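First comes the structure, then the notes that go with it.
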Amino acid sequence: MQIGDFAGARRIGGLVRGLFFVASALVLQANAADPAVDQHQLGTQYSPLAQINRDNVANLELAWEFHTGDVPGGNRPGLIALEDHPSLIEGNLVVCSIKRRLTALDPATGEKRWSFDPEEPDLSTKKCRGISSWVDREAAQDSPCRSRIFLGTVDYRLVAIDARTGKACEGFGVNGEVRMSPSKPMLWPGEVAATSDPAVVNDVVVVGSAVADNQRVGAPSGRVLAFDARTGEQRWEFDPVPRNPDDPAMASWGKGTEGFGQGNVWSSMAVDPELDLVYLPTTSASSDFYGAARPGDNHYSTSVVALKGATGQVVWHQQLVHHNVWDYDLPARPMLIDYPHDGKMVPALVQNTKMGMIFVFDRATGAPLVPIVERPVPQSGTVGGEVLSPTQPFPDGMPSIVPHGFSPDDAWGLTPIDEWLCRRKVEEHTYGPIYTPVSEKGTIISPPVNGGANWGGGAYDPASNIMVVPTNHVPAIVKLVPNEKAPKSEGLTLEMGAAMNFAMPDSPYVFAIEPLVSVLGVPCVTPPWAALVAVDIVDKKIVWEVPLGSIKKLAPVPIDWHLGTPGAGGPLVTAGGLVFIGYSLDDTFRAFDLHTGEILWEADLPAAGTAVPVSYEVDGEQYVVIPAGGHSMYGSTMGDSVMAYRLKR
């Protein structure tokens, strides 16, 4: 599931709003040594700039504010989120609005230099999870489109734009765009979309897809498509649900793959140009919570898959959830770092997961650098012919950054009565360790379907080996409803109270999902409900954990109580010893001490900062920038701002 990216989501009332589905973003490394390599695609979310540091961050002030002009509004329901991660390209700071319009700004003043409108149709999804860039080394320095930007669209196009002028690259595809075709006709425009940044591996552009969740078991394929970066000609495609009988992965599909789709890559991919590898974080096959018709482990779903950039050939793959029926997609871009192992530094890949587990692999071979053990998981309580994997992979010795499992003893409330009601609510459902089967009774899922870690992933400091990750701790209740007993709707989703309900006519079961909250709308779990966690991934220990977000704007009385508020976004770590993050529903931008978790600075935002900060240097001054436009899924404050900060002059 794309972290709740489905129509019809509603705000949860009570003391705390929007405590459920999380979406995230990634960050820029602005001063890359090689301009031909898009540094976003390393996934480290690290800036080597240190002018702004722990000693002076309290002196940050607003440098400029830019409005994209795409202000959320109107009566049309849908998903609206400003989740961009701006990019510094050809001396411009390029931002992407909810309608995927690009604007190139003067990075020092925020003044507009050029804009590009992909002229998308008015669909229910309005969001942009970033762009990618590429430099044609074979082209003359002053030739048009030598430096170009690639943008996916909600109507499933790939667009190439001249990074210097903002004009379409006419030699790419047809008039600067390639219209991609889904594997089958869509139920509606936008069922298959390209909302995250494409990956560029050497001279090949690789595009994933967002496929609408739980609308049909026979969902469209989650194919990954690759195109020539110069011409737009298709080079290869890869389907995470294998179709070739000769593919070794077919052995993990007991009844074959006919009739199944998804396994898509809705998040961002990572790239190692020297190895000519692109790394895919894949999702579950259709459908998310019921897989009786697809017995087996179901490779290459819910896996890290390394493909050769030139050909699309599978070089290695590691599955992180077998036979995924918990919606535990791999939501974050893999992180490419150097990792000490057996006395030497090894080029490594770190994968954050919704389960809060951290996996580390040799990125050339896929060999685990942190051992993986297969541990028995619950098997009782399955429904309708479901056959689960008897074991699941766990990284041995690496701490989980979120709690695993839930029981009545974990119930919490603001008052003894509230706590008692929460305990009763837990006892009315199925509960247990992580990977407890989803049931007709309703199963408490912890970590929840939105993570754990999510799309924002982590930020990594190479000097200390500390990775910082925002996490959500509010469990979810997932219920399987026999289709003949389910309320019917004509829309994409059906709402009943606080629950999300999915209509799937070709499935024996439909699904209802809701957060585990009390009658007051308060989570039935001990705070923090969202946290920022720092983990030393070499020594394999938690360094610190602090609540992420205050309820000051969510409570009836504005009490600045840091209980954590699940939101959207990701962190930026800098060489100045700082962690910058928005994320929370209190419309606040914060800087934390990387080594202690102490809040060193904060600023009010005009809307929720549901994106990821970026940092760069212009004329000797360091800037930190965050889009602040909010996320409709959470009922957050909405807007269209991009905020830039620098030290007081």
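Quick note: the coordinates plus some simple rules give every number you see, no bench work behind them. Just so it is clear, the structure is predicted and the values come from calculations on it, not from any experiment. Positions of Cβ are generated from backbone atoms using ideal geometry, with glycine treated the same way; all protein chains shown enter the neighbour counts.
See the values below:
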{"item": "Residue pairs, from the table K112/K552; K354/K541; K255/K485; K441/K485; K184/K441, whose Cα atoms sit over 23 Å apart", "result": "K112/K552; K255/K485; K184/K441"}
{"item": "18 Å reach of a label modelled at S464, 7 Å along Cα-to-Cβ, counting backbone N of the stretch 537-555", "result": "537-548"}
{"item": "Length released on extending from R179 to A108, taking residue separation times 0.36 nm less the Cα-Cα span", "result": "22.0 nm"}
{"item": "Options M643, T257, T68, ranked by Cα towards positive dipole end of the stretch 39-647, top entry (Cβ charges)", "result": "T257"}
{"item": "Förster radius 30 Å - calculated FRET efficiency between I542 and V519, Cβ distance, rounded to 0.05", "result": "0.35"}
{"item": "Order of D342, D461 under a 10 Å beta carbon neighbour criterion, fewest first", "result": "D342, D461"}
{"item": "Principal axis dimensions, largest first and in whole angstrom, of the stretch 214-272 by Cα", "result": "41, 30, 22"}
{"item": "Dimensionless Rg ratio for the chain, taking C-alpha atoms and the 2.2 N^0.38 Å reference", "result": "0.88"}
{"item": "Residues whose placed amide H lies under 5 Å from that of I89, excluding near-sequence neighbours", "result": "V94"}
{"item": "Hydrodynamic radius (Kirkwood) for the stretch 302-402, which is based on Cα pairs only, to one decimal in Å", "result": "14.9 Å"}
{"item": "Against the rule of thumb 2.2 N^0.38 Å, how large the Cα Rg of the stretch 46-136 comes out", "result": "1.29"}
{"item": "Once the Cα gyration tensor of the stretch 240-351 is diagonalised, semi-axes √(5λ) in Å", "result": "27, 15, 12"}
{"item": "In order through the stretch 563-571: 3J(HN,Hα) via Karplus (6.51 cos²θ - 1.76 cosθ + 1.60), integer Hz, x for Gly, Pro", "result": "9, x, 10, x, x, 9, x, x, x"}
{"item": "Convex hull of Cα atoms in the stretch 363-403, direction-averaged projection (nm²)", "result": "4.7 nm²"}
{"item": "In the stretch 193-232, trypsin sites (Lys or Arg not before Pro) in a DSSP loop with at most 15 other beta-carbon atoms within 10 Å", "result": "none"}
{"item": "Two-decimal Rg/Rh across the stretch 183-233, once Rg and the Kirkwood Rh are taken from alpha-carbon atoms", "result": "1.04"}
{"item": "Backbone HN-Hα couplings from phi across the stretch 605-621 [Karplus 6.51/-1.76/1.60, Hz, Gly and Pro as x]", "result": "10, x, 7, 4, x, 7, 9, 9, x, 10, 9, 7, 10, 9, 6, x, 10"}
{"item": "Estimated inter-spin distance, D506 and T365, nm [label 7 Å along Cα→Cβ]", "result": "4.2 nm"}
{"item": "Which of M186, M335, M180 has the fewest Cβ neighbours within 10 Å, and the rest in rising order", "result": "M186, M180, M335"}
{"item": "Protection proxy ranking of 396-407, 622-633 - average other beta-carbon atoms within 10 Å, highest first", "result": "622-633, 396-407"}
{"item": "About the Cα centre, charge dipole magnitude for the chain (Lys/Arg +1, Asp/Glu -1 at Cβ), debye", "result": "920 debye"}
{"item": "Pair D55, S380: separation of 7 Å Cα→Cβ label points (nm)", "result": "6.2 nm"}
{"item": "Loop GluC sites (Glu not before Pro), the stretch 161-214, which have at most 14 other Cβ atoms in a 10 Å radius of their Cβ (DSSP)", "result": "E170"}
{"item": "Sites matching GluC sites (Glu not before Pro) across the stretch 547-649 that sit in DSSP coil, with at most 14 neighbouring C-beta atoms within 10 Å", "result": "E598"}
{"item": "Radius of gyration and maximum dimension Dmax of the stretch 354-426, Cα, Å", "result": "17.7, 55"}
{"item": "Theoretical gain in end-to-end length, I599 to M186 [0.36 nm per residue, Cα-Cα removed]", "result": "144.0 nm"}
{"item": "Computed [θ] at 222 nm, deg cm²/dmol, the chain (DSSP H ≥ 4; -39,500 (n - 2.57); rounded to nearest 500)", "result": "-500 deg cm²/dmol"}
{"item": "Additional length obtainable on full extension of the chain from E440 to W420, 0.36 nm per residue less Cα span", "result": "4.8 nm"}
{"item": "Cβ-based exposure ranking for D239, D162, in which fewest neighbours within 10 Å come first", "result": "D239, D162"}
{"item": "Whole-Å distance, taken between Cα centres, linking the stretch 218-285 and the stretch 413-435", "result": "40 Å"}
